[in-house]
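One structure below.
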Amino acid sequence: MATVELRFSALPEHVRTARLVAAAVARRSGVDEAVLDEVRLAVGEACTRAVGLHQSGGISAPVRVLLIEEEKQFSIEVGDEAPHTAPGEVPGAHGGADESDAETEEDEMGLAVISGLVDDVEVTAGENGGLIRMSWPTTPPATLAP
Amino acid sequence: MDLSLSTRTVGDRTVVEVGGEIDVYTAPKLREQLVELVNDGSFHLVVDMEGVDFLDSTGLGVLVGGLKRVRAHEGSLRLVCNQERILKIFRITGLTKVFPIHTSVEEAVAATD
């Protein structure tokens, strides 16, 4: 199992870098070319969500992305350090109600895109942060001709 | 690649030609452009997405925001897009039901509800 780890300050301009790196590693691992667009989009959505959570929560820690090459699959884990409140709980009051609603809407739209794109996805959240794990099947690279 | 924006007027429509990547970093520029157009009285917008290489949910959010604004003035927001990978994002989020999507600027400009 080979892993590439990427950590970046929670700034929107770095999300593109994460997309490019993830797509490069995915291609190397044998993810089908036709699926690379989906990988790029899904990892971008996950990172955008994490950046938003860190920024709105005033969290200075970086966003963490793990790109994991396994035998028959390629996985991406995007972790944030934002404490997640259980559904139904009132989140901490910051910004106006409209702003908070807009943020929630965008957050949900990001997750909607991820779940629409990726068959194998797992979203977990706890007091210490959240994690989105996504996997794609890989085909082993063709053996080189002698 | 960054985001490129240019606008032109065709009859009573304003065509916004978008190029490059619309993501969490660049989407605010598109939002500003749409807000400015509506504030200046352009309520019938055609957003030409043919030059867009990448679109994420932040970009979708901006387009939905633009639609809300023009509708407040009984206006319209039409999209021009033929790229399958971009259309797919509208489909999986159900937004193909929200936006009229056309295959050419000419068709979008001529369209009426």
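The values are calculated or read from the model by the stated rules, or taken from the named source; none is laboratory data. Owing to the predicted nature of the structure, the values given are computational and were not obtained by experimental measurement. Glycine also receives a Cβ, built like all others from the backbone with ideal geometry; neighbour counts cover every protein chain displayed. For accessibility, only protein heavy atoms count, side chains too; no ligands or nucleic acids. Shrake-Rupley method; radii C 1.70, N 1.55, O 1.52, S 1.80 Å.
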Per residue accessible area in Å² of the protein assembly as shown, where ligands, DNA and RNA are left out and the probe is 1.4 Å: 51
The range B:1-107, accessible surface, carbon-and-sulfur percent (1.4 angstrom probe): 48
Beta bridge orientation in the range B:1-107: antiparallel %, DSSP, nearest 5: 35
Vicinal HN-Hα couplings computed from phi for the range A:4-14 (Karplus, 6.51 cos²θ - 1.76 cosθ + 1.60; Hz; Gly/Pro x): 10, 10, 10, 10, 9, 4, 6, 10, x, 5, 8
Amide H within-cut-off set for A:Glu81, under 5 Å, with H built and near neighbours excluded: A:Gly130
Between the range B:40-61 and the range A:19-46, the alpha-carbon center distance in angstrom: 24
Accessible area that becomes buried as B packs against A, both chains, 1.4 Å probe, Å², nearest 100: 1600
For peptides B:75-83, B:95-103, sequence by mean Cβ density within 10 Å, most packed first: B:75-83, B:95-103
Partner chain coverage, peptide B:56-63 - average Cβ within 10 angstrom: 6
Cα gyration tensor shape for the protein assembly as shown, rounded if a/c is under 1.5, else prolate or oblate: oblate
Dimensionless Rg ratio for the range A:6-85, taking C-alpha atoms and the 2.2 N^0.38 Å reference: 1.11
At least 20 Å along the helix axis (C-alpha) and Kyte average at least 0.0, DSSP helices within chain B: B:57-71
Sequence-distant lysines (8 or more away, or on other chains) whose Cα lies within less than 30 Å of B:Lys97: B:Lys29, B:Lys68, B:Lys88
Distant-in-sequence amide H partners of B:Val47 (H built 1.01 Å from N, under 5 Å): B:Val16, B:Arg78, B:Leu79, B:Val80
For the range B:1-107: rounded, prolate or oblate by the Cα gyration tensor [a/c cutoff 1.5]: rounded
